[in-house]
Amino acid sequence: KNGFQTITPDNLYEFLVNDKELPEKPIMLTFDDGREGIKKYAAPLLEENNFNAVFYITSDWADGKNIPEHEAYSGFMRWSDIKELSEKGFIIGCHGKTHVDLTKLDDKSLNDEIINSKKLIEEKISKEVKDFCYPYGVFNENTIKKLKEAGYKTAVTTRSTLNNKFLSSL
């Protein structure tokens, strides 16, 4: 009603890096973790309004597996749901393997969180995963470096500022 148009991480990237235009009222809708409410409630409303969105998946939690007790307040989507949403044109991004603070990990664990989760999601949806969302919104120089090495194009946080460090060294 108010003229907002959804954009994708690719649209934002192209605006920031290549000065491509965005709609007059751009908005990027993102959903973390991969909870089943996305498929049940959000996706139908998004489709009805011709909106796109990015669903950042915590790969070890898909199919309701390996859920820590403090996160078990709602269910999680199945891989078949995630693939179906991807096939409908929604963007599937990565939110890590186990949703841990990446800044506290050694290199081996960090690679596992960033690379293995990406590979699993790509395998399950048969598409490249280019977008990442930092668990808890935290990152440091090492996480940025590892994301670039893994082939991610964008990374988002809950911080209310633009961090050009990721983009400036591409």
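The values are calculated or read from the model by the stated rules, or taken from the named source; none is laboratory data. This is a predicted model, so every value here is computed, not measured. Cβ sites come from the backbone with ideal geometry, for glycine too, and all protein chains shown count toward neighbours. Please note that ligands, DNA and RNA were not included when accessible areas were found on the heavy atoms of the full protein model with its side chains. Shrake-Rupley method; radii C 1.70, N 1.55, O 1.52, S 1.80 Å.
Looking for something at pLDDT below 95 and of a type in the set (S, T, Y) - is there at least one such residue anywhere in segment 119-137?
yes
Taking segment 130-145 as the region of interest, how many residues are closer than 14 Å to F55 by Cα, in contact with a Leu (Cβ under 9 Å, 6 or more places away or on another chain) and in a loop (DSSP other than H, G, I, E, B)? First the steps, then the outcome.
So the first thing to find is which residues in segment 130-145 are closer than 14 Å to F55 by Cα, and the list is 130-135.
Those still in the list that are in contact with a Leu (Cβ under 9 Å, 6 or more places away or on another chain) too: 132, 134-135.
Checking the rest, the ones that are also in a loop (DSSP other than H, G, I, E, B) come to 134.
Residues in segment 130-145 being closer than 14 Å to F55 by Cα, in contact with a Leu (Cβ under 9 Å, 6 or more places away or on another chain) and in a loop (DSSP other than H, G, I, E, B): 1 in total.
List the number of the failed condition for Y73; all other conditions in (1) part of a helix (DSSP H, G or I); (2) out of contact with any helix residue (DSSP H, G or I) (no Cβ under 9 Å at 6 or more places or on another chain); (3) at pLDDT below 95 hold.
If we test Y73 against (1) part of a helix (DSSP H, G or I); (2) out of contact with any helix residue (DSSP H, G or I) (no Cβ under 9 Å at 6 or more places or on another chain); (3) at pLDDT below 95, just (1) comes out false.
Quick one: which residue in K127, K148, K118 is outside any loop (DSSP other than H, G, I, E, B), in contact with a helix residue (DSSP H, G or I) (Cβ under 7 Å, 6 or more places away or on another chain) and within 23 Å of M28 (Cβ to Cβ)? Steps first, answer last, please.
Details: K127 fails: outside any loop (DSSP other than H, G, I, E, B); K148 fails: in contact with a helix residue (DSSP H, G or I) (Cβ under 7 Å, 6 or more places away or on another chain).
Every option except K118 fails the conditions.
Limited to segment 37-47, what total is found for residues that are open to solvent by 50 Å² or more (accessible area, probe 1.4 Å) and either of a type in the set (A, V, I, L, M) or at pLDDT below 95 (or both)? Can you show your working first?
We begin by selecting, within segment 37-47, every residue open to solvent by 50 Å² or more (accessible area, probe 1.4 Å); these are 39-41, 44-45, 47.
If we keep only those that are either of a type in the set (A, V, I, L, M) or at pLDDT below 95 (or both) as well, we get 45.
The number of residues fulfilling the criteria is 1.
Just checking, how many residues over segment 43-58 are in a helix (DSSP H, G or I) and not aliphatic (A, V, I, L, M)? I'd like the intermediate steps shown before the answer.
At the first step, the residues of segment 43-58 found to be in a helix (DSSP H, G or I) are 43-48.
Now drop any that are not not aliphatic (A, V, I, L, M), which leaves 44, 47-48.
Residues that pass the stated criteria total 3.
So L85 clears everything in (1) touching an Asp or Glu at 6+ places or on another chain (Cβ under 8 Å); (2) open to solvent by less than 20 Å² (accessible area, probe 1.4 Å); (3) not β-branched (V, I, T) except one condition, right? Which one?
The single condition L85 does not satisfy is (1).
Could you look through segment 95-127, keep only residues that are on the phi < 0 side of the Ramachandran plot and polar (S, T, N, Q), and pick out the one that is surrounded by the most Cβ atoms within 10 Å (Cβ to Cβ)? Talk me through it step by step, then tell me what you get.
Pass one, segment 95-127, residues on the phi < 0 side of the Ramachandran plot: 95, 97-98, 100-125, 127.
Keeping just the survivors that are polar (S, T, N, Q) gives 98, 103, 109, 111, 116-117.
Details: T98: 16, T103: 15, S109: 14, N111: 14, N116: 15, S117: 23.
Looking at the filtered set, the residue picked out is S117.
If you go through segment 69-82 one residue at a time, how many are under 15 Å from G37 (Cβ atoms) and either open to solvent by less than 60 Å² (accessible area, probe 1.4 Å) or within 15 Å of the chain's Cα centre (by Cα) (or both)? Reasoning before the result, please.
Residues of segment 69-82 that are under 15 Å from G37 (Cβ atoms), as a first pass: 71-78, 81-82.
Now restrict to residues that are either open to solvent by less than 60 Å² (accessible area, probe 1.4 Å) or within 15 Å of the chain's Cα centre (by Cα) (or both): 71, 74-77, 81-82.
Here the count works out to 7.
What are the pairs, 6+ residues apart or on separate chains, where a residue within segment 6-35 that is more than 24 Å from G96 (Cβ to Cβ) has its Cβ under 6 Å from a residue that is assigned to a helix (DSSP H, G or I) and among the acidic types (D, E)?
As it stands, the answer is K20/E14, since those pairs meet every condition given.
Looking at segment 143-162, which of the residues that are exposed (fewer than 14 other Cβ atoms within 10 Å of the Cβ) and of a type in the set (S, T, N, Q) is modelled with the highest pLDDT?
T158
Name the one entry in N50, N66, N18, N2 that is loosely packed, with under 12 Cβ neighbours inside 10 Å and on the phi > 0 side of the Ramachandran plot.
Testing whether each residue is loosely packed, with under 12 Cβ neighbours inside 10 Å and on the phi > 0 side of the Ramachandran plot leaves just N50.
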